[in-house]
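Working notes, structure below.
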Amino acid sequence: EAGVAQSPRYKIIEKRQSVAFWCNPISGHATLYWYQQILGQGPKLLIQFQNNGVVDDSQLPKDRFSAERLKGVDSTLKIQPAKLEDSAVYLCASSLDPGRTDTQYFGPGTRLTVL
Amino acid sequence: QKEVEQDPGPLSVPEGAIVSLNCTYSNSAFQYFMWYRQYSRKGPELLMYTYSSGNKEDGRFTAQVDKSSKYISLFIRDSQPSDSATYLCGDKLIFGTGTRLQVFP
């Protein structure tokens, strides 16, 4: 079974530029998550999708971050404009359903450096 | 106050040692407690989860939850260099900062 795919793996941009990350979840997984993991910290949930609807985006900085999941499969996360404090690893995860015990599987992450 | 607190480490132990990793949490609504392992430059992977006070064992790993004191522990027996990673605790969507473990041969 293929895992969660993310691209690019690394991205370096200057502040105020835009950037987009892509995620392809495990086939059949209805729930998709985006996390931000700053160096030395645990992952912080940014947004959770159930199919193509948003379940929770309470921690997404909506003035600069946006995410979509068209057709309930792939997802993109965009930052526009980027700030220095956005430097982090952006992790995508998926699970069969949103239940609290359902295992979520993480991708390798995209490491963003904002200069 | 963070909802989940962990000592960031690093914790350095010799191969074969028993490792104890600990977390405290503040949210009484937490019902499910998970331990994730994260290797360098990889995403976290679920190691174990439990939803009640007491112990749960899986091979060399034992998870322990004490809901009365809001304390979660993970014990690793016969630790191996391949156990060197960061261990994150929390519930499904809320993570601690992780404890970095180094097991040296």
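The values are calculated or read from the model by the stated rules, or taken from the named source; none is laboratory data. Note that the structure is predicted; figures quoted are calculated from it, not measured. Neighbour counts are summed over all protein chains in view; Cβ atoms, including those assigned to glycine, are modelled from backbone coordinates with ideal geometry. Surface accessibility is based on the protein's heavy atoms, side chains included, excluding ligands, DNA and RNA. Shrake-Rupley method; radii C 1.70, N 1.55, O 1.52, S 1.80 Å.
The table for this structure:
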{"item": "Selected from A:G72, A:G28, A:Q17, residue furthest toward positive end of dipole (chain A; charges at beta carbon)", "result": "A:Q17"}
{"item": "Debye, to nearest 20: dipole size of the protein assembly as shown, +1 on Lys, Arg Cβ, -1 on Asp, Glu Cβ", "result": "580"}
{"item": "Residue-span extension gain [B:K2 to B:S82] - 0.36 nm each, minus C-alpha spacing", "result": "25.8 nm"}
{"item": "Under the Debye formula (equal points on every Cα, no solvent term), log10 I(q)/I(0) of segment A:32-99 at q = 0.16, 0.20, 0.21, 0.28 Å⁻¹", "result": "-0.52, -0.81, -0.88, -1.40"}
{"item": "Cβ-derived FRET efficiency at R0 45 Å, A:Q17 paired with B:Q102, nearest 0.05", "result": "0.75"}
{"item": "Over segment B:1-104, equivalent-ellipsoid semi-axes from the Cα gyration tensor in Å", "result": "21, 15, 12"}
{"item": "Unsatisfied cross-links (Cα-Cα over 29 Å) in the set A:K78/B:K92; A:K62/B:K70; A:K44/A:K71; A:K71/B:K92", "result": "A:K62/B:K70"}
{"item": "Unit charges on C-beta of K, R, D, E only; dipole of segment A:23-115, Debye", "result": "160"}
{"item": "Partners for B:K67 among aspartates and glutamates (Cα-Cα distance below 18 Å; same-chain residues under 8 apart left out)", "result": "B:E3, B:E5, B:E57, B:D91"}
{"item": "Inter-label distance, nm, simple model (7 Å from Cα along the C-beta direction), B:N27/A:E68", "result": "3.0"}
{"item": "Accessible area of segment A:1-56 belonging to carbon and sulfur atoms, whole % at 1.4 Å probe", "result": "48"}
{"item": "Solvent-free Debye scattering, log10 I(q)/I(0), computed from the Cα coordinates of the protein assembly as shown at q = 0.10 Å⁻¹", "result": "-0.45"}
